[in-house]
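**Student:** Quick one: this structure, given as structure tokens, is what I'll be asking you about.
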Amino acid sequence: ADLYTITTDALRQLRTTTFVKTIIHCDEAISTNDHALRIARDDSNLPDLPLIVYTDRQTAGRGRGQNRWWSAAGSLTFSLMIDASAYQLDRSHQPLISLGTGLAVATTLTRFDPSIKPQLKWPNDVHVGGRKIAGILSEVPQNRPHWIVIGVGLNVNNSIQKALCEKTLPLEIADIATALCDESLTPVPLISALATLLDHLHQQWCRLAYDAPGVLSDFRQRCMLTGRLVSLRIGDQVQTGRCLGINEQGAIVLQHDESSTAHFGGIVERVVD
């Protein structure tokens with residue numbers, strides 16, 4: 001199996017081996033989340049969900065705020081569109097769905113190499129050894145309040161070290177990014193990484209309906225912000241406080257001098273031990 005690409009035939013087989021019902025394969029996409037959101041807006045041709053938009057090359061992947069996601073051959077770049085009600089959830093569970101997604105990525109990585117110790121950076125990043133290996137972006141289509149689009153970028157075989165040597169890597173991420181192939185000696189076919197991740201995503205989202213405390217407990221064990229001083233940008237404001245952890249709704253809790261506040265959104269700009 002290929003380390004750098006996934007064939008359309010291999011993707012089609014996911015309909016019988018995973019929970020995905022509709023598969024859209026793009027050779028190139030500006031943003032898989034944008035593609036999925038466009039599909040949600042088309043009332044004339046509603047797809048069977050869950051739907052996956054998978055691309056071999058994403059040219060302008062979006063992260064939170066103004067962030068962009070760099071991807072290259074060998075990375076997994078896709079968006080899943082689900083009906084939250086099929087998991088007995090609704091849009092109020094979006095923060096928990098994001099946390100469950102991060103947890104699924106972490107368990108997928110340890111499935112391929114148990115020596116890897118992924119950490120989760122609320123609300124949407126997965127780190128290994130202090131470097132980012134995956135990013136997640138969840139969005140709700142305006143006209144489909146029960147649908148949720150979850151974008152995932154996971155560095156699998158797109159070696160950061162190799163890209164740095166070949167000078168194809170944006171310098172601003174050279175010291176803050178990593179890939180599975182840079183952390184593990186075991187090569188993982190890209191289709192195996194995707195199929196395993198899809199299984200773990202389904203498991204974690206199902207768990208949220210009957211064992212949300214368990215999902216939160218597992219997330220908290222891997223949370224890299226708890227106990228650290230965090231600066232959180234919310235719009236034009238920056239809140240700084242010591243992270244007390246993640247509450248039952250999936251919000252980050254920051255301790256200030258005399259009080260604590262919970263935040264469901266925001267961009268973590270600075271972390272100090």
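**Student:** Cβ neighbours within 10 Å, averaged per peptide: list 168-177, 81-90, 128-137 in order, most packed at the top.
**Tutor:** So the peptides 168-177, 81-90, 128-137, ranked by packing, come out 128-137, 81-90, 168-177.
**Student:** List every DSSP H helix in the chain whose Cα atoms extend 27 Å or more along the helix's own long axis and whose mean Kyte-Doolittle hydropathy is at least 0.5.
**Tutor:** The qualifying helices are 94-112.
**Student:** While we're here: What does the C-alpha gyration tensor say about the overall shape of the stretch 1-61? Classify as rounded when a/c is under 1.5, otherwise prolate if a/b is larger than b/c, or oblate.
**Tutor:** Details: a/c = 2.78, a/b = 1.19, b/c = 2.34.
In terms of gyration-tensor shape, oblate.
**Student:** Another question about this same structure. Using a cut-off of 14 Å between beta-carbons, work out the net charge of the residues near residue 160 (Lys and Arg +1, Asp and Glu -1, residue 160 not included).
**Tutor:** So the environment of residue 160 carries a net charge of -1.
**Student:** Using every alpha carbon pair in the stretch 229-272, what percent of pairs falls into each 5 Å bin from 0 up to the bin containing the largest distance?
**Tutor:** Cα pair-distance distribution for the stretch 229-272, in percent: 6, 25, 35, 26, 8, 0.
**Student:** Would you grab the residues whose amide H sits under 5 Å from the one on residue 228? Only those 5+ places off in sequence or on another chain, please, with H modelled 1.01 Å from N.
**Tutor:** 243
**Student:** Please pull out the direction-averaged projected area of the stretch 59-213, using the convex hull of its alpha-carbon atoms, in nm² to one decimal place.
**Tutor:** Computing the convex hull of the Cα atoms and averaging its projections yields 9.3 nm².
**Student:** Still on this structure, I have one more. For the chain, what is the per residue volume of the convex hull drawn over the alpha-carbon atoms, in cubic angstrom? Mind showing how you got there, number by number?
**Tutor:** Details: hull volume 35.5 nm³, N = 273.
So the per-residue hull volume is 130 Å³.
**Student:** Can you return the lysines within cross-link range of residue 117? Criterion is Cα-Cα under 19 Å, with same-chain partners fewer than 8 residues away left out.
**Tutor:** Straight-line reach from residue 117, under 19 Å: 132.
**Student:** Under unit Cβ charges (Lys, Arg +1; Asp, Glu -1), what dipole magnitude, rounded to 20 debye, does the stretch 229-272 have relative to its Cα centre?
**Tutor:** 140
**Student:** Which of the listed residues, 40, 173, 81, is farthest toward the dipole's positive end in the stretch 8-222, when Lys, Arg count +1 and Asp, Glu count -1 at the beta-carbon?
**Tutor:** Ranked along the dipole, the leading option is 173.
**Student:** Nearest 0.05, what FRET efficiency do residue 131 and residue 88 give at R0 = 35 Å with Cβ-Cβ as r? Numbers along the way, then the final one.
**Tutor:** Details: r = 36 Å, r/R0 = 1.02.
Efficiency computed from Cβ-Cβ geometry: 0.45.
**Student:** Additional query: Do you know the relative contact order of the chain, to the nearest whole percent, from alpha carbon pairs under 8 angstrom that are 6+ apart? Before the final figure, lay out each step's value.
**Tutor:** Numbers: 556 pairs, mean separation 50.1, N = 273.
The normalised contact order for the chain reaches 18 percent.
**Student:** For the chain, give the magnitude of the charge dipole about the Cα centre (Cβ charges: +1 Lys/Arg, -1 Asp/Glu; no others), in debye to the nearest 20.
**Tutor:** Value, rounded to 20: 180 debye.
**Student:** Based on the alpha-carbon gyration tensor of the stretch 134-273 and its eigenvalue square roots a ≥ b ≥ c, which shape applies: rounded if a/c is under 1.5, prolate if not and a/b is larger than b/c, or oblate?
**Tutor:** It comes out oblate by the Cα gyration axes.
Bear in mind that the values in this text are calculations on the coordinates, not laboratory data. Since the structure is predicted, the reported quantities are computational estimates derived from the model, not experimental observations. With ideal geometry, Cβ positions are generated from the backbone for all residues, glycine too; neighbour counts draw on all protein chains shown.
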